1. Looking at the chain, I'd like the Rg to Rh ratio, where Rg is from alpha-carbon atoms and Rh is Kirkwood's inverse mean 1/r.
2. Can you figure out the FRET efficiency of R144 with T75, using R₀ = 30 Å and their beta-carbon distance, to the nearest 0.05?
3. Quick one: helix 116-144 against the long Cα principal axis of the chain, what's the angle to the nearest 10°, folded into 0 to 90?
4. Tell me, what is the FRET efficiency for A131 and L41 to the nearest 0.05, using R0 = 25 angstrom and their Cβ-Cβ distance as r?
5. Separation between the Q12 and S117 pseudo-spin-labels, each 7 Å from Cα along Cα→Cβ, expressed in nm?
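Please treat every number below as a calculation from the coordinates, not as lab data. Since the model is a prediction, treat every value here as computed from it, not as a measurement. So basically every Cβ, Gly included, is an ideal-geometry build from the backbone, and we count neighbours across all protein chains shown.
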Amino acid sequence: MTPRPVDVASVQAKLRSLDDLLGALRLVGEVDGGRLGQDVLLRLAVERALTQAVDLVVAVCSHVLAAETATVPTTYRDAVRAAGEHGLIGTELARSLAAAVGLRNILVHEYARADLSIVASAVPVARLDLADFVRQVAGWVQGRR
């Protein structure tokens, strides 16, 4: 089976969505576990932004990998790691995003009640990682034209 080409428009749309989520995470300002515990709407918004961001990151990574490699990752962590190995993103960013997958899984599947101080500490990391991901993937796409 011949792989299909990377759908650049789809990747760019996902990058725009990630940029929107990044803007939302910037709007919440500085957060801590206490603030998230007291403000349920803020907690839900932050958790949703973090989980949706990871989903979009993995969607981009999986799409590119499916189009350009013979293997398709079966887990979210594998998708971001493989994207680093493939050169879509840097390996340091891939490592950081792989860690974000763990928090996403806890938030989505509620394996355990998330420690709100950990959720709060993920916000500034996510701001940096999402901006870096958008920049790196946009550069990768630009380099393909």
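1. Expressed as Rg/Rh, it is 0.99.
2. Computed FRET efficiency for R144 and T75 comes out at 0.70.
3. Roughly 20 degrees, rounded to the nearest 10.
4. Given R0 = 25 Å and the Cβ-Cβ separation, E is 0.50.
5. Taking the simple label geometry, Q12 and S117 are separated by 4.5 nm.
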